[in-house]
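Note sheet for the following structure.
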Amino acid sequence: MALETLVAPAAEPVSLAEARAFLRIGTDGDDGVLTSLLIAAREAFEARTGRALVTTTFRQRFMAARFAHLDLPCTLVPGRIPTINLVAVRLIAKDGSETAAPANLVRLIDGRFVITAPLSAQVLGLSIDFQAGHGATAANVPYAFKTSLLEAVADALKRRDGGASDGGLSWDPVAREIKL
């Protein structure tokens, strides 16, 4: 399974103004650093959780050997959740070329890709373009996720300034080893 970002989110889940307010930073001297840390925090969060916070378009490839032996309908798990829209489905031929899949070959049901018809023996895999995220703007992102990002940025700034880090415990008790 390969996952590729086709269209990045139109906005970050936490604005620079929100980060400044949370961190009690009144000047714009650290804006470049804060912006970089906010992006890094989002990327780390999304990679760790499998979530897309703001609507993003992805391409994911599935090789037929992984699902050819399963009975139909067959379910495939998208690489990012919440999955909100199926954009395009292409068949990957053995020579690597891609062609549009027949309508309704793959459907999005309950956030999963469902294959509804058998694939030809000539098909090496599927390439699925889809959108995932909580919405097109930061306003749609749950506050718990925003707070996690802000706490990650605060921890990174504390380490940058020579302070002792809590190892990420304040912002993610599961991922103790992940740092920005």
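Where does helix 143-160 land angle-wise versus the long Cα axis of the chain, in degrees 0 to 90, nearest 10?
Orientation of helix 143-160: about 60 degrees from the principal axis.
What does the C-alpha gyration tensor say about the overall shape of the chain? Classify as rounded when a/c is under 1.5, otherwise prolate if a/b is larger than b/c, or oblate.
Since a/c reaches 1.5 and a/b is larger than b/c, the shape of the chain is classed as prolate.
Rounded to the nearest Å, what's the spacing between the alpha carbon centres of segment 1-77 and segment 98-168? Just the number, please.
Segment 1-77 and segment 98-168 have Cα centres spaced 6 Å from each other.
Work out, step by step, the length gained on full extension between Ala121 and Ile84: first 0.36 nm times the residue separation, then minus their alpha carbon distance; give nm to one decimal.
10.3 nm
If you count the DSSP beta bridges with both ends in the chain, what percent of them are antiparallel, to the nearest 5?
About 95 percent, rounded to the nearest 5.
Only the coordinates and a few stated rules stand behind these numbers; no lab work does. Only a predicted model underlies this, so the values are computations on that prediction, with no experimental measurement involved.
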